[in-house]
1. Among A:101, A:63, A:137, determine the one that fluctuates most according to a GNM of chain A built with springs between C-alpha atoms less than 10 Å apart.
2. Where Rh is the Kirkwood radius over the Cα pairs of the stretch C:235-279, the temperature 4 °C and the viscosity 1.567 mPa s, what D in µm²/s does Stokes-Einstein return?
3. Using only the alpha carbons of the stretch C:2-271, what is the convex hull's orientation-averaged projected area in square nanometres?
4. If r is the Cβ-Cβ distance from residue C:93 to residue C:113 and R0 is 30 Å, what FRET efficiency results, to the nearest 0.05?
5. Over the stretch A:1-94, what is the relative contact order in whole percent, taking alpha-carbon pairs under 8 Å and six or more residues apart?
6. What do you get for the angle between helix A:166-181 and the principal long axis of chain A? Use alpha-carbon atoms, 0 to 90 degrees, nearest ten.
7. How much of the calculated P(r) for chain A lies past 34 Å, in percent of all Cα pairs?
8. Compute the long axis of helix A:222-236 from its Cα atoms, compare it with the longest principal axis of the Cα atoms of chain A, and write down the angle in degrees, 0 to 90, nearest 10.
């Protein structure tokens, strides 16, 4: 049984479909990249998965014991966060909120766990720093650590490398690969098809038609081969 | 136990509501009527009439009772209906003063526009004009405090019984000819100048009272009295300084 | 100084200080969240709405206006937060419309129906607080203490959740936090604080009480916790100093407190700039 099964899903806002008839499956340990043009409904799909936006039609099934609140999420940066007075620890700890329920305070174990995640993502030395003073890459790591506090089963990443410089981008991708290797299922939105081809196990492509399949299948498909050709041309030229 | 105060004319265009203005104040007034003042089996009509009376304190209100003013032409128009109701039920109607006559009912030679003459000290009641013996001296308080203090006097008058109070403010006067009573008061305003209250006094030397609207300083003993089932506070044996 | 010590003996001064400090404390706690959620205007809008409702209460001659004002203000807070969450411009416009409308209708109602002659006094003391804080009764002080305790306790209990919802509502929602519920709680607490604070500074100046301490603290501190604590302390001190100044010098209480808050902001801003320059 896969973690998430999506059947004939239509997503959009206020009844207006942005993308229709999406079907795919995500199994445990998969690394799914969602690629496609801007405005093709990638983010909307992710928000629908996260239950932030209601689906128009179709169904989303959670399997393998995955609960709705066991999804970690790395959103695109919003305006509010930029000048927010918050320390790294405070933000990382807020990832535990979902499992707190009505419990008002965090437990010692949760504090330890948060520190462990920070260490893993190499942001432990920053733990008392102010979030808004960190570099873009550091901020993304903080948010990733928060997502890990929420769950280690499945994390959804929305353009995790946008606005980062090339070196930091590669570091970020490697970090996500590490997480995936240690058992966390990853669903990532990106318009960086090159990276998708390098890291993903499965690819969901929004374009003229919707493609879903493994990386290998994608490379042989029309969309994939078109892209590969372009890459070849660039390399050779 | 709370006390009520009359509607005093300060000699300016507007009449100031004696009890705290502002509708918070009004609610407090209402509460006082309901909770604190014993009014037996008086009808609700009276209460309503009173409410109208009490709230119609100032502005160019025509809902109030005509009041006597010593030096002022009475421009207050009378809301006949209300007035009639009030007269019947409350018997607090007050005559319109004759602007030409000297309104002081106890004619005494007023010297120099009514500023303090040598007060003929009435025996033991003589209140000192110095700060000695004065329990509450409102003249040394800031305007914010004065207002709050007077408000407190109105809301918990029992705490102040028998205290010697010194105060300073605008002089106000009204007379109830049907009863042959006259009332003197000192108007005290708050810092924002939008609220004011009047504190009554019974002067031993009424001839020393200034003209309406002028500043007056009074020392007297705090007391409560009842009239028409309402409690009023006043300074007895007051000496106008 | 002697004068001050003397004043502090007076019961109503003590009442005013207790109530004033508590109200200031409560309003500053939520101020940080409201500022960060870009909801500063809600405080302003709500206070106008509360003014309108108080006008209705006055016209109806309710003996206890709290009973009407409190629930209606809470209702409006919930509605305003709802609209605020939708498309941004629409929400802003809706709030501006409701608040200005309430103000206008409130004044109109009082003007037409109120039998009080001292209309300007009524309006003035509701808008600017006047000396209301010095004239509150023992019962009102008690209500104030109880509500303050409720506000502070619920703030502490929900502190982590309020932080989560304030920092990133999307994430909180996605990870299964009932963000809607906590937004509702924030709205209700805000409404309670505003009704309380009308006694202290009047409805026009409430937003100052909510916003200034938070903004001042944000100049100096960089974690949510320290900003919250700092703004609470600042607000407390400013309210205390403001009340004492107004008592001693005879200035209106509400505006003196706000002026003190503004001065506090200026100091924090200068200190903050100084610290920033050092780095």
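1. Maximum among the listed residues: A:101.
2. Details: Rh = 11.2 Å.
D, rounded to a whole number, is 116 µm²/s.
3. Values: hull surface 58.8 nm².
Projected over every direction and averaged, the Cα hull of the stretch C:2-271 covers 14.7 nm².
4. Details: r = 29 Å, r/R0 = 0.97.
After rounding, the FRET efficiency stands at 0.55.
5. Numbers: 119 pairs, mean separation 31.6, N = 94.
Relative contact order of the stretch A:1-94: 34 percent.
6. Its long axis makes an angle of about 90 degrees.
7. Numbers: 4576 of 27966 pairs.
Cα-Cα pairs in chain A separated by more than 34 Å: 16 percent.
8. That helix lies at roughly 80 degrees to the long axis.
FYI, it's all coordinate maths here, none of it is from the lab. Computed from a prediction, not measured in an experiment: that's the story for all the values here. Cβ sites come from the backbone with ideal geometry, for glycine too, and all protein chains shown count toward neighbours.
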